[in-house]
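Here the structure is laid out as structure tokens; the discussion comes afterwards.
None of the figures in this text is laboratory data; all of them are computed from the coordinates on show. Predicted, not measured: the structure shown is a model, and the values here were computed from it. Backbone-built Cβ (ideal geometry, glycine too); neighbour counts: all protein chains shown.
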Amino acid sequence: MECHNRNFQFSTANSQFPARFILIIVIVASLASICFSQSASSGPPGKVASIGDVNAPGEPASFPYPAEIIGDDVNVRSGPGTNYYACGKLYRGDKVKVAGSQSGWSRIAAPAKSFSWISMRCVGINLNNPAEGLITGDGVGVYAGSDDVLPMHSTSEQVTLNRGDKVKLMGQEKDDYYKIAPPEGACLWLSTQYIKPLAPDEKTPLPTVADSNAVGPAKTSVETEKLNEYYAILKQVETERAKPIAQQNYTTMKEALKAIAANKEAGKTARYAEFAIKQVERYELALSVAKEIQQQTEKLQQAGDQIDKTRAAKLAEVKDLGRFAVIGEFQSSLIYGADPGVPGKRYRIIDKSGKTTCYAAPTGGAAKIDLSKLIGKKVGLVGTIEPHSPTAGSLVRFTEIVELK
């Protein structure tokens, strides 16, 4: 922003402005410049600066280095500034490992008891070790965790992981995110004024990722019992999966896992059982789909077989029908002895619309049988076709008549 006042003129000669007023203006301008510089150095929320820009006075010349907390209730934050959300506290005497610094803020390795969030959609669970997750995608973000900020609002990305990387699950999920131990490289921030660098030769235990999931109290007898049950059920599940699809049934195992998950004394094993139940449900879904596909395949096979049978019957029928001179509905005729040399009663063949296709006269063996039973039936006539002058049509002299379906 630029400010111009063309009417402003200053002259010591005419003494329009007292000297002390000029001094006040200079001081105010200096303070404003300092405040703007400090505000700009904090950076916008959600964007964490890179490791170690400039060493603050009194800091060692290189990173990383060990340091000790010299304040009480020191906020650890997701980024280098008070506008980033708090991720826990450190206390006087706590030890940290400083990985970098920026504008009065130190970047530290994630201390003990801190945690991170990762999307559940990008993590598969190892049922044989339910505390371990396997990354199933590339460029998966890990976000700084806070007890005061929901996972979906945790915007400070610590690291990105790729397919095949492993994370340590802390047995909690929220809003489709897993709570995990901070992976290698995950860091947080605190104000540099609250740390004191330690001498390089000083033996100082530094926090590691493993500290975030330190072994808790010894398992109770119930926990141990349920954990043994859990692993026994997993073996049953694997045995069941090895069976043919039609023989697989996970109902008993699933109910046993539900019982463990509902047991308040089962400790972490209850959480493991919940993970296993979800995995078994995926097996059941896949099993259901496979069975449905198998049923559809069988139905298609049956339909195909029926089509083949019908086609074969039709072909046989067509082949058989080829020997008939004419096919149609057999009806009597009022024409008697209209043709010399064709003694006996005449018949006619009509089509589906009721029109006469031709006339017919039995001869040979056909003349000796009772044809009245075939009146109104669909028949095929075996014989010869010749012109029929009285009707300007044709006459079939048939020696054989076959009733057709």
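Simple spin-label estimate for Glu386 and Asp370 gives 3.0 nm between the two label positions (7 Å along the Cα-to-Cβ direction from each Cα). Computed from the Cα positions only, the extents of region 221-291 along the three principal axes stand at 40, 17, 14 Å, in decreasing order. Peptides 304-311, 133-140 ranked from most to least packed, by the mean per-residue count of other Cβ atoms within 10 Å: 133-140, 304-311.
About the centre of its Cα atoms, region 221-291 shows a dipole size close to 220 debye [charges on the beta carbon of Lys, Arg (+1) and Asp, Glu (-1) only; nearest 20 debye]. Using only side-chain charges placed at the Cβ, +1 for Lys and Arg and -1 for Asp and Glu, the dipole size of region 326-403 relative to its Cα centre rounds to 160 debye. Treating cross-link reach as a plain straight distance, find the lysines whose alpha-carbon is under 23 Å from the alpha-carbon of Lys405, omitting any fewer than eight places away in the same chain. Those lysines meeting the cut-off are Lys309, Lys314, Lys319, Lys352, Lys355, Lys373, Lys377, Lys378. Can you bin region 116-181 into rounded, prolate or oblate? Criterion: square roots of the alpha carbon gyration tensor eigenvalues sorted a ≥ b ≥ c, rounded for a/c under 1.5, prolate for a/b above b/c, oblate for the rest. In terms of gyration-tensor shape, oblate. Cross-link partners of Lys196 among aspartates and glutamates, defined as those whose alpha carbon lies under 16 angstrom from its own and excluding same-chain residues fewer than eight positions apart: Glu59, Glu68, Asp72, Asp73, Asp94. Note on region 326-403: Kirkwood hydrodynamic radius from all Cα pairs is 12.3 Å, rounded to one decimal.
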